[in-house]
Ligand SMILES: Nc1ncnc2c1ncn2[C@@H]1O[C@H](COP(=O)(O)OP(=O)(O)OP(=O)(O)O)[C@@H](O)[C@H]1O
Ligand code: SF4
Ligand SMILES: [Mg+2]
């Protein structure tokens, strides 16, 4: 499979009153065309910041210190706001956020917003656009679609808003979807429906996805590859089977083996000692060393490099370097 997106040595920080937050520290990620690539890790490890960086949506206090985000060979970090808006957002890469209220504008109806998203991204006739919008809204199981189109966001529940947003993104037919905890606001049956919509879309359009989640059951159901993040770095990337059957990084191992079953969510874990470090003055060397039972001196000093264990498995840990 061809690489669709490649993030190379990406370093992002935020200026805050308390100091510089080193949110991403040398992130490397390859997403192949057609794959569903999960991004997992405890809260605050940099998953959302990674997604926002790809689309140039970081807050004003953010600084991209170094790195590249190559999409179809073009470095997105070199594009200006206008280019990102006209050429990339929506039509090439779309992002679904955890909180739908950040993406829907309170002063426009659902219809106006869905049309606007499509206007930027397609040259269909008005009638075809309306049909497409209705079709997408029905796919995410929204009832009374014609009526709903005339409503404003505040007239919808959180779950309905989330479904509208999902339908809006999918109607633009992006090549890459970044889904950031997209089903958190949905009830279980709508979650299942959303996953079905994604599966169908995948068959129809060969869409690629970066799927950010805490839900390992969803990962095991729809993802092909998994990258595990810890404190601003990717520590392990492997095929789904390898990650679950043969995790190599001590953090991945803890993450997966301290769960009682795939139904358990990452935030419910009790058994990884300590907590994710604050990213102002993060730990030296391997950022996991204060919590790692296998840590020794080198781990405190040197950042472990990502090494290839097999063609479908990469890990960054001093104890896993094959001599
Ligand atoms: N605008 C900002 N200003 C300062 N720090 C920020 C800002 N945005 C993000 N951060 C910090 O960057 C780090 C990574 O945050 P991010 O939101 O990417 O985590 P996450 O992995 O998505 O977590 P969660 O699973 O809770 O969504 C955190 O330490 C967070 O506090
Ligand atoms: S590099 Fe060292 S501290 Fe980090 S995960 Fe490996 S053994 Fe643990
Ligand atoms: Mg997040």
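On the stretch given as segment 173-200, residues that are more than 13 Å from ligand 1 (Cβ to nearest atom) and over 22 Å from residue 87 (Cα atoms) total 17.
Of all positions in segment 64-87, none carries a residue that is touching a residue at least 60 places away in the same chain (Cβ under 8 Å) and within 16 Å of ligand 3 (Cβ to nearest atom).
Going by the structure shown, is residue 98 under 20 Å from residue 49 (Cα atoms), without any contact (Cβ under 8 Å) to a residue 60 or more places away in the chain and either away from ligand 2 (no atom under 16 Å from the Cβ) or not in a helix (DSSP H, G or I) (or both)? It would help to see each step written out before you state the result.
On the way: under 20 Å from residue 49 (Cα atoms): yes; without any contact (Cβ under 8 Å) to a residue 60 or more places away in the chain: no; either away from ligand 2 (no atom under 16 Å from the Cβ) or not in a helix (DSSP H, G or I) (or both): yes.
Spelling it out, it is not the case that residue 98 is under 20 Å from residue 49 (Cα atoms), without any contact (Cβ under 8 Å) to a residue 60 or more places away in the chain and either away from ligand 2 (no atom under 16 Å from the Cβ) or not in a helix (DSSP H, G or I) (or both).
Residues that are in contact with a helix residue (DSSP H, G or I) (Cβ under 9 Å, 6 or more places away or on another chain), surrounded by fewer than 18 Cβ atoms within 10 Å (Cβ to Cβ) and within 25 Å of residue 255 (Cα to Cα) occur at least once in segment 78-98.
Annotation note: of 218, 321, the sole residue that is farther than 21 Å from residue 26 by Cα, touching a strand residue (DSSP E or B) at 6+ places or on another chain (Cβ under 9 Å) and either at pLDDT below 95 or within 16 Å of ligand 3 (Cβ to nearest atom) (or both) is 218.
Per the conditions (1) part of a strand (DSSP E or B); (2) within 16 Å of ligand 2 (Cβ to nearest atom), the sole criterion not satisfied by residue 42 is (1).
Scan the helices (runs of 4 or more DSSP H) fully inside segment 135-205 and keep the ones with 1 or more residues being out of contact with any helix residue (DSSP H, G or I) (no Cβ under 9 Å at 6 or more places or on another chain) and farther than 30 Å from residue 44 by Cβ.
Working: elements: 145-149, 158-171, 188-205.
Of the helices (runs of 4 or more DSSP H) lying wholly inside segment 135-205, those with at least 1 residues that are out of contact with any helix residue (DSSP H, G or I) (no Cβ under 9 Å at 6 or more places or on another chain) and farther than 30 Å from residue 44 by Cβ span 145-149, 188-205.
Filtered by the rule that a residue be touching a helix residue (DSSP H, G or I) at 6+ places or on another chain (Cβ under 7 Å) and assigned to a loop (DSSP other than H, G, I, E, B), segment 232-248 gives 247, 248.
The values are calculated or read from the model by the stated rules, or taken from the named source; none is laboratory data. Bear in mind that the values here come from a model prediction, so they are computed numbers and not experimental data. Because the Cβ atoms are built from the backbone with ideal geometry, glycine has one as well, and the counts that use them run over all protein chains shown.
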